[in-house]
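Read through the structure below, which is laid out as structure tokens, and then see the notes.
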Amino acid sequence: MKTLDLFSGIGGFSLGLERAGFETVAFCEIDKYCQKVIKKFWDKKIYNDVKKITKERLKADGVELPEIITGGFPCQPFSIAGSRKGTNDNRYLWPEMLRIIKEFKPRWVIGENVRGIISIQDGMVFETVCTDLEREGYEVRAFNIPAAGVGAPHKRERIWIVANSRCSIRREQSTWNKKSFGSRPLEKTERTVDTNKVRGSSKRIETMANASARRCAPQKKQISTRRDSSKHQSWWEAEPDVGRVVDGLPGRVHRLRALGNSIVPQIAEEIGKAIMIAEQEIHGSK
């Protein structure tokens, strides 16, 4: 399946999804350092302004149209590390991602953001994202999957929003949603989040499925501390204990910022594998 990677960062979404069998057709990233990282590992078109991405522009550039659109739309408006202005922040770019989804009409959408998105403005930001997707004909599920769910030695909770088009997935054959994402009838879309703080949409948001993190975990025990990570050392190499300003490490500040803003590719990979299973069950694709 072809992927359009929005708000790409250093390519975490594409790295994970390509491991699951997807192919990235183009990236969109404004940060110059991140663009350099992407260019080093991918020979693909990189757009630097999400507001200028259109179907016509991709066609003119000879870029294949995507079947899946991904994006960790900027988290600063919702992060507890910032001022949490929510939709009033000029970095609130969900409307641009939604515009692109409306125009391209992909079969699948994967969004990612910080846990704060489910509590900011009494939960209405999260509610708006999900309702916008439903209005465009998507079934939506949300999951709180921490980095520890795939063996990382830290928690790093993130909200993952997975949506599939009702037009492309026949309801009577959609056994994947029942097996993996809950057994509610598709016409009664349920979104569940692990929080009691959301008041604006209490009927819509109940409890995050505990199975979501376990489903992504390749090991039986989640890892929560660095001391427990020895058996996963090949996955999670600890950074050397060096000061913030050191000789011989060019671009260290840029590297740390890019890593801090990046997603965990292993989670994207597991979500991608689940989507591939769904496609095979429904369409018989190989």
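The values are calculated or read from the model by the stated rules, or taken from the named source; none is laboratory data. Model, not experiment: these values are computed from the prediction. Note that each Cβ is placed from the backbone with ideal geometry, even for glycine, and that neighbours are counted across all protein chains shown. SASA here: full protein model, heavy atoms, side chains in, ligands and nucleic acids out. Shrake-Rupley method; radii C 1.70, N 1.55, O 1.52, S 1.80 Å.
For segment 1-23, filtered to residues that are free of Cβ contacts under 8 Å to residues at least 40 places away in the same chain and open to solvent by 40 Å² or more (accessible area, probe 1.4 Å), the residue that is nearest to Ser262 (Cα to Cα) is Glu18. Looking at segment 87-96, can you tell me whether even one residue there is at pLDDT 90 or above and surrounded by fewer than 16 Cβ atoms within 10 Å (Cβ to Cβ)? Yes, the conditions are met somewhere in segment 87-96.
When the residues of segment 264-286 are filtered to those that are over 19 Å from Val140 (Cβ atoms) and either of a type in the set (D, E, K, R) or in contact with an Asp or Glu (Cβ under 7 Å, 6 or more places away or on another chain) (or both), the one that is most open to solvent (accessible area, probe 1.4 Å) is Lys286. Restricting attention to segment 101-129, the residues that are at pLDDT 95 or above, of a type in the set (A, V, I, L, M, F, W, C) and in a helix (DSSP H, G or I) add up to 2.
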